[in-house]
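Asker: I have a structure I would like to understand better, so I am pasting it below and will then ask my questions one at a time.
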Amino acid sequence: GEADGAAMAEGEGLVSVDYEVSGKVQGVFFRKYTQGEAKRLGLVGWVQNTSHGTVQGQVQGPTARVRELQEWLRKTGSPQSRISRAEFRNEKTIPVLEHKDFQILK
């Protein structure tokens, strides 16, 4: 019945999560690759370098796709990067996407 349909939609709901990646992640095109991967997955958000040598940002989109990017941020990154840790926080479900695309912020 209709209840089933609602449950299905809920499973593919939108989530927003903040991330911070530590390691050798600045000056190795990490932001550019993150943007490319996010766009490939159809996600929106942003990425930027921090003053303390990490890369941080926010990603939003369908839960399953966000999980894929989280996995990518943990293990892959850009070819020259060395990721020591990826942290995720402030995960929440959102009714609509709050960004138009995935941007590299200065």
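The values are calculated or read from the model by the stated rules, or taken from the named source; none is laboratory data. Predicted model only: the values in this text are computed from it and were never measured. Quick reminder, even Gly has a Cβ in these numbers, built from the backbone with ideal geometry, and neighbours come from all protein chains shown. The accessibility values were calculated without ligands, DNA or RNA, using every heavy atom of the protein model including side chains. Shrake-Rupley method; radii C 1.70, N 1.55, O 1.52, S 1.80 Å.
Asker: For the full complex of protein chains and a 1.4 angstrom probe, list E87, E68 by accessible area with the highest value first.
Answerer: E68, E87
Asker: Dividing the alpha-carbon radius of gyration of the chain by 2.2 N^0.38 Å (N being the number of residues), what value is obtained?
Answerer: In units of the globular-protein estimate, the chain measures up at 1.12.
Asker: Using +1 on the beta carbon of Lys and Arg, -1 on that of Asp and Glu, and nothing else charged, what's the dipole of the chain about the Cα centre, debye to 20?
Answerer: The calculation lands at about 780 debye.
Asker: Could you give the nm distance between label points at A64 and F29, where each point is 7 Å from its Cα heading toward the beta carbon?
Answerer: 3.0 nm
Asker: So, taking all protein chains as they sit and a 1.4 Å probe, how much accessible area belongs to T76, in Å² rounded to tens?
Answerer: 70 Å²
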